[in-house]
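To start, the structure under review is shown below, and the notes come after it.
The values are calculated or read from the model by the stated rules, or taken from the named source; none is laboratory data. These numbers come from a predicted model, not from an experiment. Cβ placement follows ideal geometry from the backbone for every residue including glycine, while neighbour counts extend to all protein chains displayed.
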């Protein structure tokens with residue numbers, strides 16, 4: 001049995017999500033800056049085949065190439081995390097704006113309802 005989306009969304013502690021969004025964004029930016037700073041020069045080299053005697057220099061070159069590749073992956077991952085955190089912050093900002101708008105619309109609807117009740121009661125007395 002599938003859980004209705006409304007129930008799932010009601011279970012989310014939105015006040016905490018909204019409160020923590022700036023911290024998540026800052027952490028993602030720091031991660032991205034750290035990964036971008038640590039990405040160094042790339043070494044070229046091929047990974048040696050198994051069972052082949054390889055000189056230490058060739059192994060070091062292969063390891064440097066692997067580290068450079070891993071640095072690229074970390075940089076790409078941190079960029080993605082940064083973008084996702086920014087999108088999350090924008091989404092939360094818009095959700096908060098929508099919440100305030102719905103609250104205002106509710107107040108307006110209540111006022112219009114009260115005015116209509118007053119108008120109906122006045123019309124019935126005439």
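Regarding residue 37, is this residue out of contact with any helix residue (DSSP H, G or I) (no Cβ under 8 Å at 6 or more places or on another chain), surrounded by 10 or more Cβ atoms within 10 Å (Cβ to Cβ) and either at pLDDT below 85 or not in a loop (DSSP other than H, G, I, E, B) (or both)? Show your work before the answer.
Details: out of contact with any helix residue (DSSP H, G or I) (no Cβ under 8 Å at 6 or more places or on another chain): yes; surrounded by 10 or more Cβ atoms within 10 Å (Cβ to Cβ): no; either at pLDDT below 85 or not in a loop (DSSP other than H, G, I, E, B) (or both): yes.
Criteria not met by residue 37.
Go through the residues of segment 7-17 one by one and say whether even a single one is more than 30 Å from residue 100 (Cβ to Cβ), in a helix (DSSP H, G or I) and either modelled with pLDDT of 75 or more or touching a strand residue (DSSP E or B) at 6+ places or on another chain (Cβ under 9 Å) (or both). Walk me through it before giving the result.
Applying the first criterion (more than 30 Å from residue 100 (Cβ to Cβ)) to segment 7-17 yields none.
Scanning segment 7-17, I find no residue that is more than 30 Å from residue 100 (Cβ to Cβ), in a helix (DSSP H, G or I) and either modelled with pLDDT of 75 or more or touching a strand residue (DSSP E or B) at 6+ places or on another chain (Cβ under 9 Å) (or both), so the answer is no.
Is segment 97-118 home to any residue that is in contact (Cβ under 8 Å) with a residue 12 or more places away in the chain and either within 17 Å of residue 20 (Cα to Cα) or in contact with a helix residue (DSSP H, G or I) (Cβ under 7 Å, 6 or more places away or on another chain) (or both)?
Within segment 97-118, none of the residues are in contact (Cβ under 8 Å) with a residue 12 or more places away in the chain and either within 17 Å of residue 20 (Cα to Cα) or in contact with a helix residue (DSSP H, G or I) (Cβ under 7 Å, 6 or more places away or on another chain) (or both).
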